[in-house]
Amino acid sequence: MGPEVIEIAGLRFRLWPTPLGPEPLPEKGTIQPITVLLDALLHQSPADFINAIENGRDIEYPTVYAWPSAPGDDLRRAAETWRELTGSELGDDLYGVQTRWGSPLYVPRGVLLEVARTFVALRAGTIAPSDLAPSEA
């Protein structure tokens, strides 16, 4: 049996158990910037991270950073990538998330907040991974 898989806002994450609670497995590919960002926030101050996103501020960790999109950003490819990843539209209240070594992934701010809050709740044990099992199409 492989790692447990959860789904949050159309994004699928594989989990690994740790003494502090579940964490997303590091991923390669399109979703990698989010898993690296989640790893950083879970080992730093999740409340500061969530506050920064709520207030539209940049976030910077040694391996990953996130920033609000700016007017004039060319988001055509980002919208296509998001649609392929989640099956939903990207919208216009966005954050770019990028590792120091990869390409950016633009994410709706609400989704970024939902993912962060959900992982904080998983860590606290207030929700179980089984509550977030992916729906099968």
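The values are calculated or read from the model by the stated rules, or taken from the named source; none is laboratory data. Remember, it's a predicted structure, so these values are computed and weren't measured experimentally. Don't worry about glycine lacking a Cβ; one is built from the backbone with ideal geometry, like all the others, and counts go over all protein chains shown.
Brief remarks follow.
- Candidates V107, V5, V36: the one that is surrounded by fewer than 18 Cβ atoms within 10 Å (Cβ to Cβ) and under 28 Å from T126 (Cα atoms) is V5.
- Each residue in region 1-47 was checked for being of a type outside the set (A, V, I, L, M), closer than 17 Å to T99 by Cβ, touching a residue at least 60 places away in the same chain (Cβ under 8 Å) and assigned to a loop (DSSP other than H, G, I, E, B), and 1 pass.
- Residues of region 98-137 that are acidic (D, E) and part of a loop (DSSP other than H, G, I, E, B): E136 alone.
- Any chance A79 is part of a helix (DSSP H, G or I) and among the small types (G, A, S): yes
- Residue in region 48-67 that is over 13 Å from the mean Cα position of the chain (by Cα), part of a loop (DSSP other than H, G, I, E, B) and surrounded by 15 or more Cβ atoms within 10 Å (Cβ to Cβ) present: yes
- Matching residues in region 85-100 - criterion: being touching a residue at least 40 places away in the same chain (Cβ under 8 Å) and on the phi < 0 side of the Ramachandran plot: L85, T86, S88, Y95, V97, Q98, T99
- Contact annotation: residue pairs with Cβ atoms under 6 Å, 6 or more positions apart or on different chains, pairing a residue in region 117-132 that is within 16 Å of A47 (Cβ to Cβ) and in contact (Cβ under 8 Å) with a residue 40 or more places away in the chain with a partner that is surrounded by 11 or more Cβ atoms within 10 Å (Cβ to Cβ) and of a type in the set (V, I, T), are T118/I8.
- Filter result for L41 (under 19 Å from P24 (Cα atoms), touching a helix residue (DSSP H, G or I) at 6+ places or on another chain (Cβ under 6 Å) and modelled with pLDDT under 90): yes
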